[in-house]
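Written below as structure tokens is the structure these notes are about.
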């Protein structure tokens, strides 16, 4: 299954779950007047908007390369992921903190607490389904890594955002549930206001974590350490290659570009050397389907020939 197919499935899971959750929370917030419930409703509506933005980014990333964008549009998904992080901070986090602070200064009774608690339990179940879908989508890349290590190393920004949102949603729902439960047990609406503030602070923290990671991707990251090592090992194992001198990878959304400098075995002519490099690149792209662009240059001493053909090959990107 293509890598982006798992991401698309996770985004659609999250969009469906958050749409239903947002409506349920909004109805509960309207009838109860709960600040924590309103914060959760806004969080879910913001999540729906975020997932739509991710779908827009994933669609735009599929555009074919153009003269102005010769390496395609794969990185555009990073821009939309950054927008999601900003929206999560501004709409979800800041508003929740503001609303909770306002309720803290001017507390009002919270009504229909038992139905609200029921809505939160249903929402937690739906968010669990959404998070499970995200975890299944990232499982092939994650392997045996911890979730935090995967979060720091993944190059799939859309999965990073979905997983972060779903985890924040489950923790936020738990905070809202505890806040409403304490309000129900004590009759003190201060707990509800504190719950709203806690949810907002949680969203701000997750927003910062997501934005920092996506900023690194926008700035430009290599392929994952495992992918870099696998490509280097594969190139070094080719019969035409004596040793790998240097290898640089660059992540372009779900695509990878690679630049290789290798000392080749002695070849009888420049044409034979060019043909050997072409063969290695072809096998490399067959072995790594995400590798869409390669720049392969022979190290000095690979062949006694120094023809213009070799220079042209060093300078040219080889698309699939």
Checklist entry - With contacts defined as alpha carbon pairs under 8 Å and 6 or more residues apart, what's the relative contact order of the chain in percent? => result 19
Checklist entry - Where both residues lie in the chain, what percent of DSSP beta bridges are antiparallel, nearest 5? => result 60
Checklist outcome for this item: Only helices counted: for the chain, with every DSSP H run of 4 or more residues adding -39500 (n - 2.57) and the sum spread over all residues, [θ] at 222 nm is -23000 deg cm²/dmol
Checklist entry - For helix 225-236, what angle does its Cα long axis make with the longest principal axis of the chain, in degrees from 0 to 90 and rounded to 10? => result 10
Item to check | Two-site FRET efficiency, residue 121 against residue 250, from Cβ-Cβ distance with R₀ of 51 Å, rounded to 0.05 | outcome: 0.65
Checklist entry - Stretched out fully, how many nm does the piece from residue 174 to residue 71 gain, at 0.36 nm a residue minus the Cα gap? => result 32.7 nm
Checklist entry - Which of 264, 83 comes first, and how do the rest follow, when ranked by fewest Cβ neighbours within 10 Å? => result 83, 264
Checklist entry - So how much slack lies between residue 12 and residue 60, counting 0.36 nm per residue of separation and subtracting their Cα-Cα distance, in nm? => result 15.6 nm
Next on the checklist: Between helix 190-219 and the chain, what is the angle of the helix's C-alpha long axis to the longest principal axis, kept within 0 to 90° and rounded to the nearest 10?
Outcome noted: 10
Checklist outcome for this item: Helix 95-105: inclination vs the chain longest Cα principal axis, degrees, rounded to 10, gives 20
Checklist entry - GNM on the chain, C-alpha springs below 10 Å: top fluctuator among 130, 269, 96? => result 269
Checklist outcome for this item: So the FRET efficiency between residue 185 and residue 86, C-beta based with R0 = 30 Å and rounded to 0.05, is 0.20
Checklist entry - If you stretched the chain out fully between residue 105 and residue 144, how much longer would it get, using 0.36 nm times the residue separation minus the C-alpha to C-alpha distance? => result 9.3 nm
Checklist entry - Just one of (1) 84, 64, 36; (2) 88, 37, 27; (3) 54, 49, 40 is Cα extents along the principal axes in Å calculated from these coordinates, so which is it? => result (2)
Checklist outcome for this item: Footprinting proxy, 293, 98, 148, 80: sorted fewest to most Cβ within 10 Å, the residues are 148, 98, 293, 80
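No value in this document is a laboratory result; all are computed from the given coordinates. The structure displayed is predicted, hence computed values, not measured ones. So basically every Cβ, Gly included, is an ideal-geometry build from the backbone, and we count neighbours across all protein chains shown.
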